[in-house]
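Here the structure comes first, spelled out in structure tokens, and everything after it is commentary.
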Amino acid sequence: MEKLEPVSILRHGMLMSLFQEHEGTVDWGRKGSQAVVTLACLFIVLAGMKIAAGVLVPVVYGFFLAVLSYPLVRWLRKHRVPSVIALGVTMLVNLGLLAGLLTVGVRLLVNFWGDLPRYLRGLERYLNDTAAWLEGKGIEGAKTMVAGMFDWNTIVGYATQQDVMKNLGGFLGTTFGTLATVLGSLIMTLIVMMFILMEAQGTQSRLQAVNRSGGPDFTGLMRSASDIQKYLGVKTLISALTGMLAGFWCWFFDLHYPLLWALLAFLFNFIPAVGSTAACIPAIVEALVQHGPSHAVFVAIGYGGINFCLDNFVQPTMLGNRFGISPLVVILSVIFWGWLWGPLGMFLAVPLTMVLKVLLDNSAEFQWISVAMAKKKVRHGEVEMAGYDLGDDEAIGSGASTENPNRE
């Protein structure tokens with residue numbers, strides 16, 4: 001038998017190692033087929049969710065309203081109030097708040113709609129004056145460009161002839177289809193919320209029994225529910241504070257509809273990233289038309305200061321480091337849920353994405369997507385994924401929270 005030289009032995013070992021690595025490689029053909037099937041299934045699910053939006057949206061809103069309202073039920077039961085009375089008081093509080101917001105909002109919208117043509121004409125005048133000023137500074141074609149941007153006669157005629165309730169129905173129609181179904185969807189939301197609150201007590205024990213009986217483990221989802229409850233509570237408080245400060249600022253600068261802009265700031269603050277910006281535009285336009293550019297600038301500065309302070313100082317202090325979703329994911333979630341369920345989907349973009357993150361986090365196959373959705377953090381000069389750095393006291397699987405669930 002021929003004796004192998006040391007160099008030949010080394011080459012032989014490297015060759016065997018290469019073959020062993022080839023044997024352990026991933027079957028990309030099978031993985032690709034699985035990816036295609038997964039994408040096809042996802043497309044079918046999303047198409048079904050979009051078609052069934054008229055049913056799913058009220059159910060989802062009922063669930064999140066129940067999560068937000070449950071602390072009141074729990075507090076009443078803790079003070080020995082009977083369960084039926086506690087549930088009734090909670091439902092009455094929700095109905096009172098909802099009826100009050102709808103009544104005030106619709107009345108203010110009706111009054112504002114009558115003044116809308118005047119504001120549009122004023123805005124047209126300021127835009128034409130700005131175009132004339134630009135042409136005076138040597139920018140040719142500014143007037144033509146501004147005139148071609150908007151057909152002001154058509155816009156003013158549309159605002160004059162259209163009824164505010166019809167336009168409100170068109171706004172909600174992207175989700176519900178027609179205004180006639182809005183009331184039915186609202187009733188469905190309240191019914192779902194009521195029954196969820198009735199069944200809320202003992203849910204954790206029931207899910208543990210389901211797991212012991214061979215069902216899935218919902219521990220991460222239950223932990224996420226408490227996080228979502230805290231997020232919704234803090235977001236509601238911050239939105240209310242935003243509305244109050246915005247309304248006071250508009251009243252201070254003598255705008256005609258400070259209460260309407262306060263209500264708009266409260267509602268739109270639930271839409272991440274773009275909501276606060278969209279809420280300030282009508283107030284700035286009214287200040288521009290009614291009092292001139294200086295007032296408009298001060299109103300814009302006030303809105304910017306309110307949103308900056310609350311979003312960057314107050315809200316993070318109250319929430320802590322418990323919601324590790326990347327800002328890019330937040331923006332994409334607003335776009336996605338807005339496309340899927342219309343404007344109402346945008347309001348719940350972050351809570352829905354948090355639930356989705358928990359479901360992915362507890363899936364061995366798609367856990368990498370949850371890791372990709374996590375917010376980055378800098379520790380000791382290095383960038384890490386919040387909740388996924390796998391230190392001695394952290395582990396993957398913490399749901400929407402960026403903190404270890406087992407940590408004291």
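Count of the stretch 345-377 residues, restricted to those that are touching a residue at least 40 places away in the same chain (Cβ under 8 Å), open to solvent by less than 30 Å² (accessible area, probe 1.4 Å) and either within 24 Å of A278 (Cβ to Cβ) or not in a strand (DSSP E or B) (or both), is 11.
Looking across the stretch 81-119, not a single residue is of a type in the set (D, E, K, R) and at pLDDT 90 or above.
Are any of the residues in the stretch 248-255 outside any helix (DSSP H, G or I), open to solvent by 20 Å² or more (accessible area, probe 1.4 Å) and more than 20 Å from L97 (Cα to Cα)? Don't jump to the end; show me each part of the working.
Initial filter on the stretch 248-255 (outside any helix (DSSP H, G or I)): 253-255.
Filter once more, keeping what is open to solvent by 20 Å² or more (accessible area, probe 1.4 Å): 253-254.
The next check asks that each one be more than 20 Å from L97 (Cα to Cα); those that pass are 253-254.
Within the stretch 248-255, one or more residues are outside any helix (DSSP H, G or I), open to solvent by 20 Å² or more (accessible area, probe 1.4 Å) and more than 20 Å from L97 (Cα to Cα).
Of all residues in the stretch 262-281, those that are part of a helix (DSSP H, G or I) and either touching a His at 6+ places or on another chain (Cβ under 8 Å) or open to solvent by 10 Å² or more (accessible area, probe 1.4 Å) (or both) total 11. Being more than 22 Å from E286 (Cβ to Cβ), without any contact (Cβ under 8 Å) to a residue 40 or more places away in the chain and charged (D, E, K, R) is a property that E124 lacks. Scanning the stretch 37-59 for residues that are of a type in the set (A, V, I, L, M), surrounded by 14 or more Cβ atoms within 10 Å (Cβ to Cβ) and touching a Ser or Thr at 6+ places or on another chain (Cβ under 9 Å) yields A53, V57, V59. Out of contact with any Asp or Glu (no Cβ under 8 Å at 6 or more places or on another chain), in a helix (DSSP H, G or I) and at pLDDT 85 or above - does that describe any residue in the stretch 315-326? For the stretch 315-326, residues out of contact with any Asp or Glu (no Cβ under 8 Å at 6 or more places or on another chain), in a helix (DSSP H, G or I) and at pLDDT 85 or above: absent.
Test of understanding: among L87, L65, which residue is within 24 Å of F347 (Cβ to Cβ) and surrounded by 15 or more Cβ atoms within 10 Å (Cβ to Cβ)?
Values: L87 fails: within 24 Å of F347 (Cβ to Cβ).
Result of the check over L87, L65: L65.
In a residue-by-residue description of the stretch 166-179, the property of being at pLDDT 80 or above, out of contact with any strand residue (DSSP E or B) (no Cβ under 8 Å at 6 or more places or on another chain) and open to solvent by less than 40 Å² (accessible area, probe 1.4 Å) applies to no position.
The values are calculated or read from the model by the stated rules, or taken from the named source; none is laboratory data. This one's a predicted model, so the numbers in the text were calculated from it and none came from an experiment. Neighbour counts are summed over all protein chains in view; Cβ atoms, including those assigned to glycine, are modelled from backbone coordinates with ideal geometry. Accessible surface areas use protein heavy atoms only, side chains included; no ligands, DNA or RNA. Shrake-Rupley method; radii C 1.70, N 1.55, O 1.52, S 1.80 Å.
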